[in-house]
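First comes the structure, then the notes that go with it.
The values are calculated or read from the model by the stated rules, or taken from the named source; none is laboratory data. Every value quoted in this text rests on a predicted model; they were computed, and no experiment measured them. Positions of Cβ are generated from backbone atoms using ideal geometry, with glycine treated the same way; all protein chains shown enter the neighbour counts. Only protein heavy atoms, including side chains, enter the accessible area calculation; ligands, DNA and RNA are left aside. Shrake-Rupley method; radii C 1.70, N 1.55, O 1.52, S 1.80 Å.
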Amino acid sequence: MAWARKVLRVDLNAGTCTDEALNMDWARRYLGQRGLATKYLVEETDPRVDPLAPENKMIMATGPLTGTCASTAGRYSVITKGALTGAIACSNSGGFFGNEMKNAGYDMIIFEGKSPKPVYLLVRNGDARLVDAGELWGASCWDTEERIKAAHQDPLIRVASIGVAGERGVKYAAIVNDMHRAAGRSGVGAVMGSKNLKAVAIRGTLGVKVDDFAAFMAATAAGKKVLADNAVTGQGLPTYGTQVLMNVVNETGALPTRNHQGVQFEGAHAISGEAMHEKRASDGKSNLITNNACFACTIACGRISAIERTHYTVVDRPQYQKASGGLEYEAAWALGAATGVSDLDACTFANFICNEQGFDPISFGATVGAAMELFEIGAITTKETGGIELKFGNVHALTELAELTGRGEGFGAEIGLGSKRLCEKYGHPELSMQVKGQEFPAYDSRGIQGMGLAYATSNRGACHLRGYTVASEILGVPEKTDPLATEGKGGLVKAFQDATAAVDSAGICVFTTFAWTLDDIAPQIDAACEGEWTPETLLEVGERVWNLERRYNLGAGFTDKDDTLPKRLLKEAAKTGPAKGLVNGLDKMLPEYYQLRGWTTEGIPTNETLQRLAL
Amino acid sequence: MKVTIKLFALLGEYLPAGAADNAAEIEVADGATPADVIRRLALPRESCHLVLINGLYRPPGERDDRPLQPGDVLAIWPPIAGGRD
Ligand code: SF4
């Protein structure tokens with residue numbers, strides 16, 4: 001129950017679609033989505049595979065709660081070996097696509113091989129086939145979605161697609177569904193592009209069965225009440241989205257600025273959630289039009305924004321004058337503070353382009369920030385940039401590069417390499433702010449010490465969504481810890497990582513955890529699924545998933561040497577704010593973390609740990 | 001003495017006239033505490049959840065007795081940004 005118990009296997013070499021039974025033994029141990037799909041990937045592929053080779057597989061996976069009426073239960077994830085990182089990639093997306101996939105009768109879709117020509121997958125209630133996508137190749141995610149709906153005369157088909165960025169192999173290309181929701185990080189869109197797979201289009205109306213209907217309705221109603229009564233999920237996220245964080249993190253002195261040269265941005269307010277609400281003097285309208293919810297979500301943190309019609313980015317370009325997916329905090333930071341740009345509409349435009357052509361605004365903005373530093377020290381000049389004055393704060397450079405990167409043209413093709421490859425190419429690897437090849441999100445680990453450990457040990461490279469200790473260190477959820485201290489952070493990071501891995505395997509959104517603990521989540525899973533699901537079993541699943549991902553990365557060639565941070569964060573102290581004079585104290589946290597994980601001093605899970613977790 | 005007050009999210013409504021970017025410089029009595037400023041601006045006490053002085057967290061129990069210093073920045077958010085008692 002809750003699981004559809006069915007996997008769709010798509011052999012792109014042969015052009016065939018085959019149903020097979022879900023391995024229920026694995027489902028009981030890995031739950032679904034992130035955990036279960038990782039298990040399939042580990043069993044079916046060699047971790048040393050080239051991410052862009054046909055031998056790499058790409059799995060779209062839902063969780064057992066996906067498609068039910070539990071709040072936020074519309075999530076799906078894309079699991080593969082990441083094009084950006086060469087590590088395990090698991091990118092999670094909301095919107096409505098995940099629900100559609102589950103209601104079409106599938107827990108997951110496994111793509112293997114490479115199609116000889118561009119195709120898209122069409123699925124309708126258990127009936128799947130590949131369709132020629134020759135005409136769609138070269139189209140944006142927005143056009144692809146519209147044209148597939150029109151071709152099948154069905155506006156309710158849900159589409160996940162790659163744009164030109166994914167076709168051109170931008171290393172951090174994303175898969176975009178429902179116009180502005182994305183499996184954004186680690187380059188899952190580049191993997192999809194390498195398979196000549198343009199889109200997945202699904203219509204599903206089969207329904208999802210739960211194990212104990214009465215208990216499920218009671219548990220999900222109780223969960224919704226907790227979300228509604230909590231100030232963060234009931235008021236803060238609907239009103240300001242994640243953008244409520246911009247001023248908080250800046251005041252705390254943990255807002256990485258200009259490629260992490262600073263920790264506070266003088267233009268932070270102009271790109272904050274508060275600024276998105278302010279009425280413009282020119283036309284009396286605000287950047288924010290409304291909030292927006294993914295399937296079944298009772299939080300509705302999504303932002304829908306519109307750019308002032310006279311702004312240089314949209315004059316004579318009506319397609320960008322419409323309301324569309326607005327800035328979330330991480331994107332606003334990367335497009336703004338990381339590049340020194342404080343023009344809200346320009347950041348919104350760059351974000352639109354990321355959605356339109358399918359690439360990750362975090363890695364894009366951070367890479368532009370790194371390129372700006374390369375330019376300012378003279379490592380690159382207008383000769384390399386094609387005439388672009390790539391100085392920090394140059395708003396025109398930001399928006400032009402967004403368009404060039406989306407199309408893989410000019411210097412945009414180099415920005416599409418990501419900061420690690422770009423900085424290596426121009427002789428300054430130390431200027432790339434990344435872990436395992438993936439750019440940092442919006443928290444400076446000199447000002448939030450635990451995040452340094454969370455980044456260094458994140459299985460998919462630098463990421464805030466693998467262990468969000470910001471919740472505790474800054475926001476006091478579930479309890480306040482000191483962001484400037486390293487003591488106790490090993491345990492804190494592990495607890496966040498394990499709980500998040502369980503949430504990501506269930507089919508719900510991690511933002512629920514501002515209000516929900518596993519005590520709120522377990523009864524919903526327990527009522528939906530057969531078997532006993534308690535907070536303890538969920539934590540065990542989370543820890544098992546974490547170790548499974550770790551073993552994949554070890555097999556792919558990563559070692560404890562990769563559990564580190566750029567020299568800038570370990571040697572150059574913060575210059576302002578509460579963290580002034582501090583570097584990240586990773587060396588004080590990492591040994592304790594390895595020990596708590598039951599790993600050797602080289603970061604390898606011991607036999608005892610593997611046995612305890614039945615791995 | 002002068003201090004800077006920053007009121008974010010819905011607390012922005014309580015900023016004095018002339019404030020910009022959610023911030024204003026105000027004159028307070030020497031030795032004024034965060035609690036004094038919260039009273040003076042008529043901020044609902046239960047809405048003052050996350051309180052930072054110069055970016056450093058000030059727990060609820062320490063808002064009454066520790067005076068502000070000239071030039072301090074007092075930043076306050078309502079519970080929507082987290083911050084537990
Ligand atoms: S909280 Fe936000 S991201 Fe999560 S499901 Fe709801 S609208 Fe989507």
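Projecting the Cα atoms of A:589, A:607, A:516 onto the charge dipole of region A:486-615, computed from C-beta unit charges around the Cα centre, puts A:589 farthest toward the positive end. With each label modelled as a point 7 angstrom along the Cα→C-beta vector, the residue A:430-residue B:21 pair spans 3.2 nm.
Ligands, DNA and RNA are left out, and with a 1.4 angstrom probe the accessible area of region A:6-203 is 27 Å² per residue. Let me make sure I get this right: for chain B, a, b and c are the square roots of the gyration tensor eigenvalues over alpha carbons, sorted descending. Under 1.5 in a/c it's rounded, otherwise prolate if a/b > b/c, else oblate. Which is it? Oblate. Beta bridges from DSSP with both residues in the protein assembly as shown: antiparallel share about 80 percent, rounded to the nearest 5.
Our note on the geometry: Cα centres of region A:246-306 and region B:6-56, 21 Å apart. Only the Cβ atoms of Lys and Arg (+1) and of Asp and Glu (-1) were treated as charged; on that basis the dipole of region A:384-520 about its Cα centre amounts to roughly 280 debye.
Ranking A:317, A:446 from most to least accessible surface, computed with a 1.4 Å probe over the protein chains only, gives A:317, A:446. Label-to-label distance, residue A:316 versus residue A:519, with points set 7 angstrom from Cα along the beta-carbon direction: 6.2 nm.
Taking the mean number of other Cβ atoms within 10 Å as a proxy for protection, how do you rank A:165-176, A:301-312, A:323-334, A:24-35 from highest to lowest? Please list the in-between numbers first.
Details: A:165-176: 30.1, A:301-312: 19.4, A:323-334: 25.9, A:24-35: 22.5.
Going from most to least packed, we get A:165-176, A:323-334, A:24-35, A:301-312.
Each part gets one Cα centre, and for region A:476-525 versus region A:167-187 those centres are 26 Å apart. Buried between B and A is an accessible area of approximately 1800 Å², summed over both sides with a 1.4 Å probe.
Phi-derived couplings, Karplus 6.51 cos²θ - 1.76 cosθ + 1.60 at θ = phi - 60°, listed residue by residue for region A:590-606: 5, x, 5, 4, 4, 5, 5, 6, x, 10, 5, 5, 8, x, 10, x, 6 Hz, with x used for Gly and Pro. Give the carbon-plus-sulfur fraction of the accessible surface of chain A in %, rounded to a whole number; probe 1.4 Å, heavy atoms of protein chains only. Reported share for carbon and sulfur atoms: 52 percent.
If you put +1 on each Lys and Arg Cβ and -1 on each Asp and Glu Cβ, how big is the dipole of chain A around its Cα centre, in Debye rounded to 20?
On the way: 62 positive and 72 negative charges, 105 e Å.
Using only the charged Cβ atoms, the result is roughly 500 debye.
Residue-wise HN-Hα couplings along region A:288-303, as the Karplus relation 6.51 cos²θ - 1.76 cosθ + 1.60 with θ = phi - 60° gives them from phi, are 7, 8, 6, 9, 7, 10, 6, 3, 6, 7, 9, 9, 6, 8, x, 10 Hz; Gly and Pro carry x.
Ranking A:165, A:236, A:366 by Cα position along the charge dipole of chain A, where only Lys, Arg, Asp and Glu carry charges on their C-beta atoms, puts A:165 farthest toward the positive end. Most simply put, region A:6-203 has about 75% antiparallel DSSP beta bridges, counting only bridges with both residues inside it. Peptide packing for A:80-90, A:122-132, A:548-558 was compared via the average number of neighbouring C-beta atoms within 10 Å per residue; ordered from the highest value, the list is A:80-90, A:548-558, A:122-132. Among beta bridges identified by DSSP and lying wholly in chain B, the antiparallel ones come to about 75 percent.
Peptide A:242-251 is shielded by partner chain Cβ atoms: per residue, an average of 4 of them sit within 10 Å of its Cβ.
Peptide B:52-60 has a mean shielding of 5, counted as Cβ atoms of other protein chains within 10 Å of each residue's Cβ. Could you compute the FRET efficiency for residue A:225 and residue A:153, with r as their C-beta to C-beta distance and R0 at 41 Å, rounded to 0.05? The calculated FRET efficiency here is 0.50. Annotation: peptides A:98-111, B:5-18, ranked by per-residue average of other Cβ atoms within 10 Å with the highest first, follow the order A:98-111, B:5-18.
Each residue of region B:48-53 was assigned a 3J(HN,Hα) from its phi angle through the Karplus curve 6.51 cos²θ - 1.76 cosθ + 1.60 (θ = phi - 60°); the sequence is 8, 9, 9, 10, 10, 10 Hz, with glycine and proline shown as x. Modelled spin labels at residue A:277 and residue A:383, positioned 7 Å past Cα toward Cβ, are 5.1 nm from each other.
Over the whole of A:229-237, what's the average partner chain Cβ count within 10 Å per residue? Rounded to a whole number, please.
Working: counts 0, 3, 8, 5, 1, 2, 5, 8, 1.
The mean count of partner-chain Cβ atoms within 10 Å per residue comes to 4.
A straight Cα-to-Cα reach below 20 Å connects residue B:2 with the aspartates and glutamates A:251, B:21, B:25, B:27, B:30, B:36, B:64, B:65, B:72, residues fewer than 8 places away in its own chain not being considered.
Taking the solvent-accessible surface of protein heavy atoms with a 1.4 Å probe, what is the per residue accessible area of region B:2-77 in Å²? Walk me through the numbers before you get to the answer.
Values: 3590 Å² over 76 residues.
On a per-residue basis, region B:2-77 sits at 47 Å².
Which one, A:83, A:126, A:144, is farthest towards the positive end of the dipole of region A:6-203 when Lys and Arg carry +1 and Asp and Glu -1 on their Cβ? The one lying farthest along the dipole's positive direction is A:83.
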